[in-house]
Structures are given as structure tokens and as C-alpha cells.
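Everything below concerns the one structure shown next.
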């Protein structure tokens, strides 16, 4: 059993290193896009399903409350956290509309949508991207894995995809957590150098 445990840690570390090597330029591009949104008075909207919903909430909390140091709050909203809204939209419309309905109400030009997924095939995330495009001038980033799925094909040239080079759900989620922490570090360093 000890060998199995160590193999899991090794696999996670290898995926993390591969992700850093493959995506560092795009992670910097994403951080700069998020910084530009916040500097212009926009907000960051985040969504995902299952474990990725938890990642969206985690990212939002790091921005709203604090990351590693005391600092001012940054504008972020998790679209995956409001059970009443999600169940109402799923019941009254369709589960594919649970995020797009919120984006229609909350997103404004200058905001930034962050979509988090391991497969890229959830219709509600595809619809979220489409809703952000309908709002207009909402920048989009996606944290994905595998081949990017349908979501990858829904993104446009100006959108940013941080696709983890793995097909293992656990490894993708672990790499997403690291990416989120790196983005938080870069954002904090930009806004709060003296803190």
C-alpha cells in the first residue's frame, strides 16, 4: 500500500511540473487578464461542476477574503454556490442554464468569466461561455484538462485556456488548485506589493 501511496504523490508531482512547463506563459496571460479586469473596476465570475465548483468557490474566497496576506477585497462571485438559484434555474429552465441565467443578470462588459472543468463537456459551462459572449466584452478563461472537450471548441482566439496535460481527473483537479494559487500570488503581488 505504501508504494501505491507514493505512486500517487509522484504522479501528482509529475503532472504539476508538466503543467507548469506547458502553461506558464498562458498562466501569466490569464493573471494579466484578471488584473486588467480588476484594475478597470470589473469583477471575476467563476463557475464549475462538482469538484470544479469547489475550485471556483476556493478561487473566489481567496480573492474576496485574502490569499496569503491581509489586503483589500477583490471583486469575485462564485456562480456555483447559490443552491436556491441553481435549483430554481435547473427546475424552471434546464440544468444547462444554471450559470448562463446568472451571467445574464450579473455580468457586465469588462468582467471576466473563469470556467473550471476537468472534461470540458458540461453543457452548463458551454452555455455560460455563450452567455458571456452575448453580454459582450466579457473576457473568458478556462481551466480544463484532457482534450478540452466541447468547451475548448466554444472558446475564441482571444479567450485563454489553461489545459492541464492529463486525462486523470484527480491530477487535473490537483493542477487546477496549483494554477489557482499561482494566479492568486500573481494578482496579490501586482496589487499589494507593499503588504
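By how many nm would the segment from residue 18 to residue 169 grow when fully extended, if each residue of separation counts as 0.36 nm and the alpha-carbon distance is taken off? Working shown, then result.
Working: separation 151, 0.36 × 151 = 54.36 nm, distance 1.53 nm.
Extending this stretch completely gives an extra 52.8 nm.
Normalised by the residues of the chain, what does the relative contact order come to in percent, with Cα pairs under 8 Å and at least six apart? Write down the numbers at each step before the final one.
Details: 329 pairs, mean separation 47.8, N = 195.
Across the chain, relative contact order equals 25 percent.
Which order do 69, 43 fall in if you start with the one that has the fewest other Cβ atoms within 10 Å? List each step's numbers first, then the result.
Details: 69 8, 43 17.
The fewest-first ordering by Cβ neighbours comes to 69, 43.
Compute the Cα gyration tensor for segment 108-187, then decide on rounded, prolate or oblate, letting a ≥ b ≥ c be the square roots of its eigenvalues: rounded whenever a/c is under 1.5, prolate when a/b is larger than b/c in the other cases, and oblate in all that remain.
Working: a/c = 2.34, a/b = 1.30, b/c = 1.80.
Verdict is oblate for segment 108-187.
Whole angstrom only: what separates the Cα centroid of segment 86-151 from the Cα centroid of segment 164-195?
20 Å
Report the full-extension gain for the segment residue 193 to residue 135: residue separation times 0.36 nm, less the Cα-Cα distance, to one decimal in nm. Can you show the working numbers first?
Numbers: separation 58, 0.36 × 58 = 20.88 nm, distance 3.32 nm.
Length gained, residue 193 through residue 135: 17.6 nm.
Determine, for each peptide in 133-142, 156-165, the mean count of other beta carbons within 10 angstrom over its residues, then list the peptides with the highest first.
Highest mean packing first, the order is 133-142, 156-165.
Okay, helix-only estimate at 222 nm for the chain: each DSSP H run of n ≥ 4 adds -39500 (n - 2.57), divide by all residues, round to 500 deg cm²/dmol; what do you get? Mind showing how you got there, number by number?
Details: 7 runs with 111 residues, N = 195.
The per-residue figure over the chain is -19000 deg cm²/dmol.
No value in this document is a laboratory result; all are computed from the given coordinates. Keep in mind it's a predicted model, so treat the numbers as computed, not measured. Please note: Cβ atoms are built from the backbone with ideal geometry, for glycine as well, and neighbour counts cover all protein chains shown.
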